[in-house]
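The values are calculated or read from the model by the stated rules, or taken from the named source; none is laboratory data. Quick caveat: nothing in here was measured; it's all calculated off a predicted structure. So basically every Cβ, Gly included, is an ideal-geometry build from the backbone, and we count neighbours across all protein chains shown.
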């Protein structure tokens with residue numbers, strides 16, 4: 001137990017020693033860090049204390065020649081004294097207090113005092129730097145101002161020489177510019193006087209004034225010739241040309257009131273007078289821009305004048321063309337209505353056809369009124385030709401729509417006339433076909449004509465008579481007439497086809513019987529068939545007669561059908 005206790009005690013002692021060593025190390029580290037910060041702040045305090053303010057103030061004592069500079073010198077000296085006798089000792093005391101707190105290991109108090117010391121040093125350093133800059137502004141101003149003024153004199157001579165070389169381009173503004181150069185030269189003299197009297201506060205203002213005046217003169221020398229040329233020569237000539245062109249066109253009947261030319265010329269002249277007035281006092285603000293706007297406006301007027309001339313020609317051409325078409329269409333519609341009763345007697349016009357014609361006539365009357373109104377506006381010079389062109393184009397479009405409707409009506413009437421002519425032509429054609437069918441029937445002396453053929457013949461003849469009846473009606477109903485013509489044509493063609501087929505079959509049947517007679521005496525079966533075929537033939541059943549004969553002969557002489565076809569073809 002004694003040994004165990006001894007071990008615990010030993011470990012405890014070692015741990016205590018280690019803790020003490022660690023705490024001492026931490027304390028030493030803090031002390032070194034704070035001491036280093038204190039040393040840096042003390043160094044900064046010494047830098048402030050050793051600032052070259054006194055030597056700079058001593059320089060000013062050498063040229064204290066005016067009251068204003070003396071007041072400034074006394075103020076600087078007082079501010080320096082406050083720093084030397086007030087702020088610097090205070091900083092020293094604060095450093096000592098901070099070191100004392102550190103020696104007592106009052107780290108919290110030390111940190112607080114260190115922060116306050118740092119803030120105070122920053123304030124004093126800032127005041128010291130501002131004071132030194134203000135003093136140097138005077139002590140170094142002569143050399144700096146001489147350099148600046150030398151550059152400004154070079155700039156002045158360059159501008160003045162450029163002005164002298166091109167003086168003629170400035171016109172009556174030359175006197176104002178010469179006077180301004182004299183003012184700038186006088187400012188240079190003021191600079192020398194101020195430097196001689198050590199009035200350094202005035203020198204800065206003089207330099208700024210000279211610099212601003214020269215910058216302004218750069219703009220004046222650069223822009224004035226263009227402003228003088230434009231405002232006094234180019235624009236007045238252009239305005240005169242516009243005015244002459246305007247008056248000439250107005251006297252020629254062009255309606256140009258919408259352009260407000262006279263008012264705008266008056267306003268432009270006022271603007272030019274204002275620009276010239278401002279130019280005489282060398283105020284060039286926005287002058288070039290305003291002159292360019294005026295030039296662009298008067299150039300655009302010439303474009304407008306040309307457009308009006310072109311539009312006038314276009315309008316006159318369109319008006320003549322429109323009037324010719326309008327008169328032609330009006331005459332046509334009047335002629336139609338003059339003959340409408342006769343047309344209605346000849347053709348059975350629908351209500352829609354008549355209503356369409358009436359609508360066309362009504363629209364045409366309205367269009368004529370619109371055209372007459374447009375002519376009135378033209379003669380009164382009320383509207384510009386650019387507007388009149390649009391108006392006449394609108395009327396042309398309306399007339400085109402009316403003509404389209406009228407063409408539809410005329411096409412309907414024309415189609416009726418064409419249908420009537422075609423019906424009469426086809427009537428003659430179907431009569432010829434019917435006559436041809438009858439003639440063919442007479443040419444071949446058939447023993448019997450089937451009743452069915454007479455039925456077809458009667459139907460075709462009746463259909464032809466229906467055409468004649470429709471053509472003799474007043475008014476003619478074209479739709480019914482066309483139906484009659486189509487029906488008659490179909491029936492007559494059918495009759496013609498039947499006639500040809502019946503005659504062909506009869507002739508073929510007769511030829512077959514004649515050919516078979518050569519075998520009748522030898523073959524009794526064939527003789528019976530031929531007797532029956534002849535009986536059918538004389539009854540008018542030509543098809544069955546042919547069929548029976550061919551079948552009977554084919555047993556005796558195969559291929560007889562093709563042979564008979566060949567013989568029939570030869571005949």
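Overview of results
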{"quantity": "Given (1) within 16 Å of residue 299 (Cα to Cα); (2) in contact (Cβ under 8 Å) with a residue 60 or more places away in the chain; (3) out of contact with any helix residue (DSSP H, G or I) (no Cβ under 6 Å at 6 or more places or on another chain), index of the condition residue 229 fails", "calculated": "(1)"}
{"quantity": "Any chance residue 374 is assigned to a helix (DSSP H, G or I), at pLDDT 80 or above and within 38 Å of the chain's Cα centre (by Cα)", "calculated": "no"}
{"quantity": "Exclusive hit being in contact with a helix residue (DSSP H, G or I) (Cβ under 7 Å, 6 or more places away or on another chain), touching a residue at least 12 places away in the same chain (Cβ under 8 Å) and under 17 Å from residue 232 (Cα atoms), set 298, 305", "calculated": "298"}
{"quantity": "Test: residue 291 is under 30 Å from residue 374 (Cα atoms) and within 37 Å of the chain's Cα centre (by Cα)", "calculated": "no"}
{"quantity": "Pairs with Cβ under 6 Å, 6+ apart, first in segment 546-562 and closer than 11 Å to residue 516 by Cα, second exposed (fewer than 14 other Cβ atoms within 10 Å of the Cβ)", "calculated": "560/554"}
{"quantity": "Qualifying position, being part of a helix (DSSP H, G or I), free of Cβ contacts under 8 Å to residues at least 60 places away in the same chain and surrounded by 15 or more Cβ atoms within 10 Å (Cβ to Cβ), among 207, 276", "calculated": "276"}
{"quantity": "Selected residue (only one of 162, 215 is loosely packed, with under 13 Cβ neighbours inside 10 Å and within 30 Å of residue 234 (Cα to Cα))", "calculated": "215"}
{"quantity": "Filtered residue count, segment 98-133, keeping only those that are closer than 21 Å to residue 54 by Cβ and surrounded by 15 or more Cβ atoms within 10 Å (Cβ to Cβ)", "calculated": "7"}
{"quantity": "Flag for residue 141 being farther than 22 Å from residue 35 by Cβ and modelled with pLDDT of 80 or more", "calculated": "no"}
